[in-house]
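Report on the following structure.
No value in this document is a laboratory result; all are computed from the given coordinates. As the structure is a prediction and not an experimental result, all values here were calculated from the model. Note: ideal-geometry Cβ built from the backbone for every residue, glycine included; neighbour counts use all protein chains shown.
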Amino acid sequence: MLPDRLFNRTRLQLTGFYAIVIGLITAISGYGLHLGMIRVFERSVDRELNTLAGTIHDTLETGLKQPEILDADAAKLLPGLCVVGGECSPNNYESKIKELTEQQGYCIRLLNLNGRAIANLGNAKHQFAEKVPATWATVTDNRGERYHIHTLKLKTIDRRDWGYLQVAQSFRMLDDYMHSLHTILLVGIPIGMLAIGGTSWWLSGLAMRPILESYQRIQQFTADAAHELRTPLSVMTIAVEGALNTDPIDAYMQNNLEITDRQIQHLSHLAADLLWLSRLEANQLPLNFKPCCANDLVSDLEEELAPLAVAKNIDLRLAISGNRSIYINGDSDRLYRAVANLIDNAIKYTLTGGTVIISLESLDRMAIISIEDNGIGIAAADLPQIFDRFYRVRADRARTTGGTGLGLAIVKAIISAHHGTIQVQSHLDRGSKFTIRLPIYKHQLSLLKTSSDRIDA
């Protein structure tokens, strides 16, 4: 029913809102943690590189004699150091340098004043760009592996510029860790979003529960009030009719009694419509769903309401597209009332000499019933509210037609109960068009498909 669908739609909207907000907070927090971890790792690498580079720098400068020339005595200061195009110095298996280069991903390079490699140790055998980078830099070797490099200038014993010392540490450990983290996130985020969605659905249900309970109490009060009004209104009707049948009665009293009788009848119709609508929306009014022919429905309505159109000199037309009958799975009595209400409104609000067209067609597995007139129309500002209870487009219209303000609300409730939709297009002083879309009976769809396949064959 309409209220259930309305509350479910609202609950879905709240769930989506909660999920988006919580998901964004989680994503931002995770991204911040991601950046924080990288920053902490980089700072740790900076400290270690600074310490190691300073130690090696101080050690090497005690053995450098000629600029850009690495003699054997200086090379021995770094076990395992390999001269480009030459030999490597002996590397003690238990040396600290070997542990740093092979296990912790450090590499050491000695460059001349132009940035060309003179010697290297560890993973520095990978090719880097032949240039002198800034004091601190992050570079990529020819294999795509990232390194964080600290560069220091070297001087000879007599304080001449010798070249440069580069100490670098591979980011392979960090990249591997982040790759694993990203894999976990790719798997964990969907699972987390499902958990967030479930939690959001539960939270939105808690938030909607008081509103739903309040609505149900108001709905029950409305139904009870409408039901209780029926008895006193019936008594008042009998009393007024009895007074009108009393002789003698003066004209003034008779006029007052007739006015009272009309108002009582109006209240009786209002109470009946309100009770019927409340029961329908509360699922207390069972619908007898069964296949019903939409062609017969509109034909019967055109025949029944033709006298009203004739009385106002209105041309009431029926247009059915195609020769095939269209079946709808629904309560024929309720659908009859909904469509009749629309046709009756079209006749009421169409001026003498106007036209009302009832049309029926099938499109995209939907039965489409439309009622179009060239009457007084509805202003654009009123269109969003015309299906609300007691909404009056113009107060004088309700007084002249005797409407209760519930007709279109009842129509929408009936159509929604049949899983259909109703739309309106209208222009002031040019007419209105109400369009109902209802699902075609599934069994008929299969028959139509079978017939189509036979024709194609």
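Work out, step by step, the length gained on full extension between E304 and Q265: first 0.36 nm times the residue separation, then minus their alpha carbon distance; give nm to one decimal. Provide the component values of the computation, followed by the final result.
Working: separation 39, 0.36 × 39 = 14.04 nm, distance 2.32 nm.
Separation in residues times 0.36 nm, less the Cα-Cα distance, equals 11.7 nm.
Net charge around R146, counting only other residues with Cβ within less than 13 Å of its Cβ (Lys, Arg = +1; Asp, Glu = -1)?
Working: positive: R143, R172; negative: E42, D141, E145, D175, D176.
Summing Lys/Arg as +1 and Asp/Glu as -1 gives -3.
Taking the Cβ of V240 as the centre, find all other residues whose Cβ is under 9 Å away and add up their charges (Lys, Arg: +1; Asp, Glu: -1).
Values: positive: none; negative: E241, E258, D261.
Here the count lands on -3.
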